[in-house]
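The values are calculated or read from the model by the stated rules, or taken from the named source; none is laboratory data. All of these numbers come straight from a predicted model, not from anything done at the bench. Note that each Cβ is placed from the backbone with ideal geometry, even for glycine, and that neighbours are counted across all protein chains shown.
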Amino acid sequence: MSPAGAPRESCKTGASAGTKAVSRMGGFWQRLRAALGRDKDAPQQAGSRNRPAGEPALPGGGRGRSGAAADREVQKLVQGLRHADPNVRAAAARKLGELGARAGPSAVPALVEALADEDDGVRSSAALSLGVFGVQAAAAVPALVKALGDPDDDVRSSAGIALEDIGPPARAALTEALSHPNSLVRTEAAIILRQLEAEGEDA
């Protein structure tokens, strides 16, 4: 299980249950973002969460690197997403999130691929890291919307936060997801759209 904070409430089937779930999520959503260090007013860093003890060491720390050295670091991290050890894969996903846009265009498709990983911790870490890229991760929106129906609570939470962080480019897909056959996807999409609307009113 990924250390993505407290699980979101279970979503019930039926329109009325979905509406009630959406109305209950406002305060919880903010508490979850705060627990993950992903408050809107704070710098976004997927690596700000507490990491598992003994997490595998990966090359570099995403600080002060540029040019060829940075490219090599990113390539090693992308390769790390395919490592046999799921702890290494999850750590590589978090490191790419720490680099954010500095990781370059190759990081987003690699993280999208990691959303299909067999390990829920890897999927959750990949989703959170994609959110750090903001609008630059617009291509990841379909995969993140699909992840809203993931059987793991943490993965759904991470995908929801990532979609909120991506913002306007995710609106059309989220609106379409309101009629998704999976009730989890429908309810999560409604929660995120409501949150995006609230943020637009506060802007």
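Values computed for the structure shown
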quantity	calculated
Index of the failed condition, Ala190 passing every other in (1) surrounded by fewer than 19 Cβ atoms within 10 Å (Cβ to Cβ); (2) in a helix (DSSP H, G or I)	(1)
Residues of the stretch 110-129 classified as surrounded by fewer than 19 Cβ atoms within 10 Å (Cβ to Cβ) and hydrophobic (A, V, I, L, M, F, W, C), total	1
Extreme residue, modelled with the lowest pLDDT, among residues of the stretch 80-109 that are surrounded by 23 or more Cβ atoms within 10 Å (Cβ to Cβ) and among the small types (Gly, Ala, Ser)	Ala103
Qualifying position, being aliphatic (A, V, I, L, M), more than 24 Å from Asp119 (Cα to Cα) and buried (at least 16 other Cβ atoms within 10 Å of the Cβ), among Leu178, Leu196, Leu184, Leu163	Leu196
